[in-house]
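Trainee: Below: one structure in structure tokens.
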Amino acid sequence: SGPEHGATTERTKAYIDFAAKHGFDGVLVEGWNEGWDGDWFNNGALFSFTKPYPDYDIDELSRYAAEKGVRLIGHNETSGNVTNYEDQMEDAFALYEKLGIAQVKTGYVADGGGIQRQDENGIWRYEWHDSQFMARHYLHVVEEAAKHHISIDTHEPIKDTGLRRTYPNWITREGARGQEYNAWGYPHLNPPEHETILPWTRMMSGPMDFTPGIFDLTFDGPDADNRVQTTLAKQLALYVVLYSPIQMAADLPENYEARPEAFEFITHVPTDWEQSLAIAGEVGEYVAYARQ
């Protein structure tokens, strides 16, 4: 919250207008809900998944988005506090269904072994993301979301084991070093060969939400080391190579408007395919796909 809060009603309406103009189905807003102030990484117990900040009118924005033929996409960051999330989940999903929010991106940002839960005796326990408890939790979220006609995009997920075929609303997940990892800056970012390894490893298990589409590649200034080390052609190719039925255009509208010839590709590339062929490749060197 405060003067630097980005998830405001006014700014979200501008993104909705941009989405409607270019044929996007939804607008994902992160930071809309109370709990982000201070050290959000360690304040998972403070998140509300139903109460927006005062400068974010979720009812008005849902109405405005529907009027424009666009949906709001929900965002639920838990900071690894699973008990707080489960306590609010039913009310949150019921609210989202009422507002026409049909997709939710969940997040479990926490150190390894840092997932927090309260057991039946009121004692706080810690879990790994891949623990049996969390395997049940991830599935529980998907099952509860399905009751409210909501699809789930899980970040910091458990690995895909094929359950998305039983639960088709579990539509995609992160589950590897995606685009956001590059924000840590040089030298702590994905190496150039990273995305030529993923098709042979991570992508074998199922769809991945990598969040491609970064066009601002040459900015200078104090944050210059945090720019994504990539090329425009590579960012476009990721939409084809890294399959996900939900794809994100992860840059700012003004950066897309500055490169209309490249942005046109994003507005036209499908998010699902009738047929896919792996034509050629070498792990860590290159990969070529043909998709129809």
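The values are calculated or read from the model by the stated rules, or taken from the named source; none is laboratory data. Note that the structure is predicted; figures quoted are calculated from it, not measured. Cβ coordinates were reconstructed from backbone atoms using ideal geometry, including for glycine residues, and neighbour counts include every protein chain displayed.
Trainee: Taking the options Leu189, Leu242, Leu163, name whichever one is among the aliphatic types (A, V, I, L, M) and in contact with a helix residue (DSSP H, G or I) (Cβ under 6 Å, 6 or more places away or on another chain).
Mentor: Criteria check complete, one pass: Leu189.
Trainee: Examine region 118-136 for a residue that is farther than 14 Å from Thr83 by Cα and aliphatic (A, V, I, L, M), and state whether such a residue exists.
Mentor: Scanning region 118-136 turns up at least one residue that is farther than 14 Å from Thr83 by Cα and aliphatic (A, V, I, L, M).
Trainee: Against the conditions (1) at pLDDT 95 or above; (2) within 27 Å of Pro3 (Cα to Cα), where does Asn43 fall short? Just the number, please.
Mentor: Asn43 satisfies every listed condition except (1).
Trainee: Checking the structure you have, find out if any residue of region 10-33 is outside any helix (DSSP H, G or I) and over 20 Å from Ala250 (Cβ atoms).
Mentor: For region 10-33, residues outside any helix (DSSP H, G or I) and over 20 Å from Ala250 (Cβ atoms): present.
Trainee: I need every pair where a residue in region 237-266 that is among the basic types (Lys, Arg) has its Cβ under 7 Å from the Cβ of a residue that is at pLDDT 95 or above, sequence separation at least 6 or different chains.
Mentor: Every condition considered, the pairs that remain are Arg259/Phe215.
Trainee: Of the conditions (1) surrounded by fewer than 17 Cβ atoms within 10 Å (Cβ to Cβ); (2) touching a strand residue (DSSP E or B) at 6+ places or on another chain (Cβ under 7 Å), Tyr286 fails just one. Which one is it?
Mentor: Every listed condition holds for Tyr286 apart from (2).
Trainee: Here is a further query. Can you tell me which residue within region 109-126, out of those that are closer than 17 Å to Glu77 by Cβ and among the charged types (D, E, K, R), is farthest from the chain's Cα centre (by Cα)?
Mentor: Residue satisfying both the conditions and the ranking: Arg117.
Trainee: If I ask for residues that are among the acidic types (Asp, Glu), in a helix (DSSP H, G or I) and surrounded by 10 or more Cβ atoms within 10 Å (Cβ to Cβ), which ones from region 249-283 would you list?
Mentor: Of everything in region 249-283, those that are among the acidic types (Asp, Glu), in a helix (DSSP H, G or I) and surrounded by 10 or more Cβ atoms within 10 Å (Cβ to Cβ) turn out to be Glu254, Glu257, Glu264.
Trainee: Take region 221-248 and flag every residue that is under 21 Å from Pro191 (Cα atoms) and assigned to a loop (DSSP other than H, G, I, E, B).
Mentor: If the condition is that a residue be under 21 Å from Pro191 (Cα atoms) and assigned to a loop (DSSP other than H, G, I, E, B), then Asp223, Arg227, Val228, Gln229, Thr230, Thr231, Leu242, Tyr243 are the ones that fit.
Trainee: Quick check on my filter: what residues within region 170-180 are in a loop (DSSP other than H, G, I, E, B) and not acidic (Asp, Glu)?
Mentor: Gly175, Ala176, Arg177, Gly178, listed by residue number.
Condition check ((1) polar (S, T, N, Q); (2) touching a residue at least 60 places away in the same chain (Cβ under 8 Å); (3) outside any helix (DSSP H, G or I); (4) more than 20 Å from Tyr289 (Cβ to Cβ)) across all residues:
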site	(1), (2), (3), (4)
Val142	no, no, no, yes
Lys159	no, no, yes, yes
Arg164	no, no, no, yes
Asn182	yes, no, no, yes
Tyr186	no, no, yes, yes
Pro191	no, no, yes, yes
Leu198	no, no, no, no
Pro207	no, no, yes, no
Phe219	no, no, yes, yes
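Trainee: Anything in region 180-214 that is among the polar types (S, T, N, Q) and modelled with pLDDT of 95 or more? List them, or say none.
Mentor: Hits for region 180-214 are Thr196, Thr201, Ser205, Thr211.
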